[in-house]
């Protein structure tokens, strides 16, 4: 009996609490909404795009980080024999720009021997250009009855697939019909990205399911290009770690397949990320034997102070840099011109 009375009392109390809460809610007025200024119909009238090199932006501006490293060399005055202090400045600048120890030592030896008759910057310019005299001819034709193939190699993340897309646009603008081969079958995203470039540039593309044999994709692309009369095949390849023997074996196999009739490999371009500096040089050494590299594409050169890696690559590997990336737009992947590059670092 006592328990029943307690239960009833609890229910009565709860009912009273509920009624009180409801009454307060009904009598409480909602807060007044703050007045707000009317939104404008147009928030932004004009948008500003980052200009490409085809516009007013110069290569010197795009290479601003690397150029700033050479400020101290450009500020050195005097002619004739260099003092030890001047040589120290040159050495520090070259090492900071990732020219490399061996190349720096060679440059300093020349400066000690020949001095700087017209100034330090002029003397250094002449020496650097001497190391950039390689043949940069780009081959776009093959033997009669065969389809020219550009093979692209490089580790993941260096901008390989984007480079292929930009070059597809370049060749399209020059009047060539292009076939893309999505040979990086280990990354579905790579094939998707290449397909987007194909749509954008009007190029044909051959791709396969993730994990398919890369050699078969390249083979099919060459066969289709031959049947359709395409002028050039741009073939992507897997981009796993360069020091993986499996990857290097795979690249060697893909190259053999691409070089069989009706295809003919006329360029093998190694894509390197300039921001990695000397690591890029190490990657290059790993790829040379397996894929027969004929040229280097150096991407992201505008985002690093290590522009001297160009000189290190050519002096140490004797492989010409054929394209450099100095921005995000299609027009910012440009043919490498040694004099323009060195003048961008050392010119007034």
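The values are calculated or read from the model by the stated rules, or taken from the named source; none is laboratory data. Owing to the predicted nature of the structure, the values given are computational and were not obtained by experimental measurement. No Cβ is skipped: glycine too gets one built from the backbone with ideal geometry, and neighbour counts run over all protein chains shown.
Name every residue in the stretch 93-145 that is within 25 Å of the chain's Cα centre (by Cα), in contact (Cβ under 8 Å) with a residue 24 or more places away in the chain and assigned to a helix (DSSP H, G or I), in order of residue number.
93, 94, 96, 103, 128, 129
If I go through the stretch 92-120 residue by residue, how many of them are farther than 20 Å from residue 316 by Cβ, out of contact with any strand residue (DSSP E or B) (no Cβ under 9 Å at 6 or more places or on another chain) and crowded, with 20+ Cβ neighbours inside 10 Å?
1
Filter the strands (runs of 3 or more DSSP E) completely within the stretch 197-273 down to those with at least 1 residues that are over 24 Å from residue 335 (Cα atoms).
Those strands (runs of 3 or more DSSP E) span 204-206, 263-273.
Residues checked against (1) within 20 Å of residue 240 (Cβ to Cβ); (2) modelled with pLDDT of 95 or more:
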| site | (1), (2) |
| --- | --- |
| 163 | yes, yes |
| 176 | no, yes |
| 186 | yes, no |
| 191 | yes, no |
| 209 | yes, no |
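Could you list all residues from the stretch 307-326 that are modelled with pLDDT of 90 or more and assigned to a loop (DSSP other than H, G, I, E, B)?
307, 308, 319, 320, 326
If residue 281 satisfies every condition in (1) crowded, with 17+ Cβ neighbours inside 10 Å; (2) within 24 Å of the chain's Cα centre (by Cα); (3) closer than 17 Å to residue 164 by Cβ but one, which is the exception?
Just one mismatch for residue 281, condition (3).
What residue, of 317, 340, 288, is more than 27 Å from residue 240 (Cβ to Cβ), over 19 Å from the mean Cα position of the chain (by Cα), assigned by TED's automatic domain parsing to the domain that holds residue 221 and surrounded by fewer than 21 Cβ atoms within 10 Å (Cβ to Cβ)?
Exactly one residue qualifies, and that residue is 340.
May I ask you to list the residues in the stretch 177-193 that are surrounded by 22 or more Cβ atoms within 10 Å (Cβ to Cβ) and part of a helix (DSSP H, G or I)?
Across the stretch 177-193, the qualifying residues are 190, 191.
Does the stretch 66-88 hold any residues that are assigned to a helix (DSSP H, G or I) and touching a residue at least 24 places away in the same chain (Cβ under 8 Å), and which are they?
66, 67, 68, 69, 73, 74, 86, 87
State yes or no: is residue 246 farther than 19 Å from residue 185 by Cβ, surrounded by fewer than 17 Cβ atoms within 10 Å (Cβ to Cβ) and either in the same structural domain as residue 191 (by TED's automatic domain parsing) or without any contact (Cβ under 8 Å) to a residue 12 or more places away in the chain (or both)?
no
Kindly indicate which of 213, 173, 220 is closer than 26 Å to residue 322 by Cα and either assigned by TED's automatic domain parsing to the domain that holds residue 287 or in contact (Cβ under 8 Å) with a residue 40 or more places away in the chain (or both).
Only one candidate passes the filter, namely 173.
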